[in-house]
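Presented below is the structure to which this report refers.
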Amino acid sequence: MDERLIESLSAAVAASPEDLPLRLHLAELLVGAGRGAEAIPHAATVLAREPDNENARDLMARAMTSHAESAPVDGESASIDDDSASTSADSGVFDWGAAESELGGSVPPMFVDGDTDGGGAPPPPAYDAERAGVRLADVGGLKDVKKRLEASFLAPLRNPELRRLYGKSLRGGLLLYGPPGCGKTFLAKAVAGELGASFIHVSLADILDMYIGQSERNVHELFETARSSAPCVLFLDELDAIGQKRSLSRNSGTRTTVNQLLTELDGVGSENEGVYVLAATNHPWDVDPALRRPGRLDRMLLVLPPDTEAREAILRTHLRDRPVERIDTRKLAKATDGFSGADLAHLAESASENALMDSVGTGRARMITMADFDAALAEVRPSIGPWMETARNVALYANASGEYDDLAKWLRKSRR
Ligand SMILES: Nc1ncnc2c1ncn2[C@@H]1O[C@H](COP(=O)(O)OP(=O)(O)O)[C@@H](O)[C@H]1O
Ligand SMILES: [Mg+2]
């Protein structure tokens with residue numbers, strides 16, 4: 001009888017995948033029926049959306065325990081030793097690590113910092129996988145970019161059928177490019193949030209600077225961390241740092257870093273199941289061409305400065321939690337042509353500061369008004385000028401292959 005119920009609930013969940021209570025109900029029944037393994041993905045889906053859902057956490061723990069009990073146990077279980085200094089990592093009540101690796105990429109790990117219950121302290125991970133708390137809806141404006149991200153990246157990943165169909169063409173990653181402060185990092189994080197994946201943000205400049213002499217090993221370790229945190233968005237920021245350094249110097253350490261990176265990237269889509277690589281650069285023209293070959297970071301997506309509508313959305317985002325009064329965001333959006341998202345954040349910051357200073361001066365707290373924004377507008381200048389100069393030259397003189405057509409079109413349209 002339960003079987004029938006489980007069957008129809010499964011169909012209902014498939015029909016409305018966003019109905020989380022329904023999912024939890026199904027997971028509960030599955031655990032009750034001794035089918036913990038099947039309950040795990042449901043609990044994981046709910047946790048990806050609502051990491052603090054107690055009910056889901058509890059279910060996940062029970063699902064994993066029941067799953068582990070029904071699975072063959074290797075070795076006898078050691079007694080619990082509270083003196084963690086002397087215990088080995090696998091002596092706890094339940095070996096989460098083994099369960100996760102056994103489940104492979106099919107289930108997101110519950111915790112990703114490598115800690116194990118009751119075990120000895122593991123070495124601190126060199127790279128931190130975090131849970132991205134933002135979604136695409138939090139990114140102001142950028143309608144076109146979001147649409148293209150959805151079509152070319154998110155939709156196929158969300159849909160297992162499509163994923164199977166496209167198979168190999170989903171290898172490789174996506175390279176976001178555009179002027180600084182226009183939301184590339186923000187978007188990458190939001191993509192992780194959409195996928196319910198963990199997020200690792202690493203700047204190539206940092207890798208090169210920090211690990212002279214051992215960067216090869218560290219690039220490998222980075223991808224290992226990503227694999228063990230799958231599903232995971234691995235975000236390689238400042239990708240141009242590596243290209244520049246490679247051509248500017250004959251530093252062999254840099255070359256091995258590039259080669260290691262190429263090796264790891266070529267594994268994406270096969271052994272890197274569940275690792276999605278996104279990269280970003282302000283200067284794609286400086287990126288090592290080897291990194292952009294097919295199967296690597298072969299798709300480029302231009303992330304432009306926000307248009308009027310987007311600027312209004314961004315301003316509203318930044319004013320959401322501030323004490324504001326009668327702010328005409330429409331007018332502000334019109335007055336900030338050429339501002340990047342970061343410039344707008346700075347503007348809002350500056351206006352708040354104005355009101356705060358004033359309140360401190362008078363001893364009476366007051367709201368942030370349009371007058372504060374007028375003062376801020378006189379100070380904050382758009383920061384993307386220098387980038388525009390370079391971009392214009394690239395579009396004019398270095399676009400023989402048409403890879404910067406998007407950029408050229410936008411530059412023409414905005415007559416910059
Ligand atoms: N579209 C946007 N919506 C909301 N805030 C934005 C947007 N673009 C940029 N910002 C703000 O500017 C900051 C810098 O953006 P970021 O993503 O780091 O830019 P980039 O990586 O392109 O240099 C963000 O932390 C955010 O506060
Ligand atoms: Mg960035």
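The values are calculated or read from the model by the stated rules, or taken from the named source; none is laboratory data. The structure displayed is predicted, hence computed values, not measured ones. For neighbour counting, all protein chains shown are included, and Cβ atoms are generated from backbone atoms with ideal geometry for every residue, glycine included. Ligands, DNA and RNA are stripped out before the accessible areas are found, and what is left, the full protein with its side chains, is counted by its heavy atoms. Shrake-Rupley method; radii C 1.70, N 1.55, O 1.52, S 1.80 Å.
Residues in region 339-359 that are near ligand 1 (Cβ under 10 Å from one of its atoms), out of contact with any Gly (no Cβ under 7 Å at 6 or more places or on another chain) and open to solvent by 20 Å² or more (accessible area, probe 1.4 Å): ALA345, HIS346, GLU349. Of everything in region 402-416 that's among the small types (Gly, Ala, Ser) and in a loop (DSSP other than H, G, I, E, B), which residue is nearest to LEU347 (Cα to Cα)? The qualifying residue nearest to LEU347 (Cα to Cα) is SER414. Within 10 Å of ligand 1 (Cβ to nearest atom) and open to solvent by 50 Å² or more (accessible area, probe 1.4 Å): does that describe ARG316? In short, yes.
Being modelled with pLDDT of 50 or more, under 29 Å from ALA132 (Cβ atoms) and open to solvent by less than 30 Å² (accessible area, probe 1.4 Å) is a property that VAL13 has. Quick one: would you say ARG246 is farther than 26 Å from LEU142 by Cβ, of a type in the set (Lys, Arg), more than 16 Å from ligand 1 (Cβ to nearest atom) and at pLDDT below 85? Answer is yes for this residue. Of the numbered criteria (1) within 24 Å of LEU175 (Cβ to Cβ); (2) in contact with a strand residue (DSSP E or B) (Cβ under 8 Å, 6 or more places away or on another chain), the one MET367 fails is (1). Cβ-Cβ contacts under 6 Å between residues 6 or more apart (or on different chains), taken from a first residue in region 186-201 that is under 14 Å from ALA230 (Cα atoms) and outside any helix (DSSP H, G or I) to a second residue that is open to solvent by 30 Å² or more (accessible area, probe 1.4 Å) and within 16 Å of ligand 2 (Cβ to nearest atom), are listed as PHE199/GLU130; PHE199/LYS189. Just one of the listed residues (THR336, THR390, THR369, THR329) is surrounded by 19 or more Cβ atoms within 10 Å (Cβ to Cβ) and not hydrophobic (A, V, I, L, M, F, W, C), and it is THR336. The residues of region 380-401 that are part of a loop (DSSP other than H, G, I, E, B) and over 23 Å from PRO289 (Cβ atoms), listed by number, are VAL380, ARG381, PRO382, SER383, ILE384.
For region 181-219, the candidate set comprises residues that are open to solvent by 40 Å² or more (accessible area, probe 1.4 Å) and modelled with pLDDT under 85; within that set, the residue that is nearest to ligand 1 (Cβ to nearest atom) is ASP206.
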